[in-house]
Amino acid sequence: MKVFSRIYVALILAFLYAPIAVMIIFSFNSGNSVWVFESFSAQWYTDIISNTAMIEGLRHTLTVAILSATIATVLGTAAAVGITALRKKITRSFATTVTNIPMMNADIVTGVSLMLLFVFFGRILGLYESLGFITVLIAHITFNLPYVILSVIPKLRQTDKNLHEAALDLGCTPLQAFFKVVIPSIKVGIFTGFIMAFTLSLDDFVISYFTCGHYQTLPVVIYNMTKKTVTPDVYALSTIVFATIFVLLILYNMLQTKSEQRRNSNVKKA
């Protein structure tokens with residue numbers, strides 16, 4: 001039975017990662033063929049530098065990802081604190097449910113609805129072009145917020161509520177107590193929320209496609225390039241993006257593991 005279970009797991013892993021492995025291997029191919037590996041070469045990685053469309057798309061993606069993740073982390077942390085502070089269980093459950101809706105909603109529905117909203121307000125304001133950097137940034141903040149909130153709320157629930165009151169008794173103002181006591185106790189949740197938001201923003205295509213306008217992010221640029229002939233430099237750039245997201249996810253899991261170990265050790269000590 002164990003042999004069959006191992007074979008099953010191996011087949012699932014092969015099905016999931018074989019396309020990525022092929023992409024990585026042929027990103028080092030010296031030729032243009034996707035069937036024959038001629039020889040090992042890193043020329044497609046160096047050619048990315050001379051591809052202005054890719055470089056500009058990468059710059060747009062990093063700008064939007066960093067800004068949206070930062071803003072979503074600040075707003076999401078404040079929202080998590082507010083939701084946790086709600087006294088009525090029904091109100092708190094309602095707020096949590098509303099937070100979960102954007103995560104369960106289809107990306108294409110979110111993208112189309114945001115596009116219609118931005119175009120509507122653009123026409124009202126008399127803008128020459130309704131979609132651009134601001135709209136794609138707002139869109140990324142919108143779908144990043146729930147992930148930050150759900151990363152911070154568990155840490156707030158694990159925090160001893162008496163710490164905040166003790167800080168107030170010792171002379172801290174409510175703002176000082178929040179930044180000196182609450183923030184350090186939930187910093188792991190805040191950082192993991194930021195990593196998750198940055199990763200999702202870096203990887204997003206559907207919502208960006210409907211809201212970016214002329215300000216095209218890297219996934220949109222790659223999609224437009226695939227309408228024509230796909231060149232190996234696309235494989236090289238996709239490999240770099242995959243490696244970046246892979247490293248961020250490993251860091252995210254390490255932080256989660258350390259947080260769990262720390263919580264279990266505190267429970268044992270108590």
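The values are calculated or read from the model by the stated rules, or taken from the named source; none is laboratory data. No experiment lies behind these values; they were computed from the predicted model shown. Cβ sites come from the backbone with ideal geometry, for glycine too, and all protein chains shown count toward neighbours.
Which ones in region 171-198 are small (Gly, Ala, Ser) and either in a helix (DSSP H, G or I) or modelled with pLDDT of 80 or more (or both)? Please lay out each step first, then the result.
Step one: list which residues in region 171-198 are small (Gly, Ala, Ser), which gives 171, 177, 185, 189, 193, 197.
Residues satisfying the conditions are 177, 185, 189, 193, 197.
With respect to residue 258, is the statement that it is out of contact with any His (no Cβ under 6 Å at 6 or more places or on another chain), surrounded by 14 or more Cβ atoms within 10 Å (Cβ to Cβ), touching a residue at least 60 places away in the same chain (Cβ under 8 Å) and among the basic types (Lys, Arg) true?
Details: out of contact with any His (no Cβ under 6 Å at 6 or more places or on another chain): yes; surrounded by 14 or more Cβ atoms within 10 Å (Cβ to Cβ): no; touching a residue at least 60 places away in the same chain (Cβ under 8 Å): yes; among the basic types (Lys, Arg): yes.
So residue 258 does not fit the description; no.
Which residue, of 113, 151, is of a type in the set (Gly, Ala, Ser), part of a helix (DSSP H, G or I), surrounded by fewer than 20 Cβ atoms within 10 Å (Cβ to Cβ) and at pLDDT 85 or above? Quick ask: steps written out before the conclusion?
Numbers: 151 fails: surrounded by fewer than 20 Cβ atoms within 10 Å (Cβ to Cβ).
One residue alone meets the criteria, 113.
Only one of these is more than 16 Å from residue 48 (Cβ to Cβ), touching a residue at least 60 places away in the same chain (Cβ under 8 Å) and not basic (Lys, Arg): 206, 221. Name it.
Numbers: 221 fails: more than 16 Å from residue 48 (Cβ to Cβ).
One residue alone meets the criteria, 206.
Anything in region 164-176 that is over 30 Å from the mean Cα position of the chain (by Cα) and within 14 Å of residue 81 (Cβ to Cβ)? List them, or say none.
Matches in region 164-176: 164, 174.
So which of 168, 202 is under 16 Å from residue 57 (Cα atoms), part of a helix (DSSP H, G or I) and not polar (S, T, N, Q)?
Numbers: 168 fails: under 16 Å from residue 57 (Cα atoms).
The unique qualifying residue is 202.
Just to be sure I understand, how many residues within region 5-48 are surrounded by fewer than 10 Cβ atoms within 10 Å (Cβ to Cβ) and either modelled with pLDDT under 80 or in contact with a Lys or Arg (Cβ under 9 Å, 6 or more places away or on another chain) (or both)?
Number of matching residues: 3.
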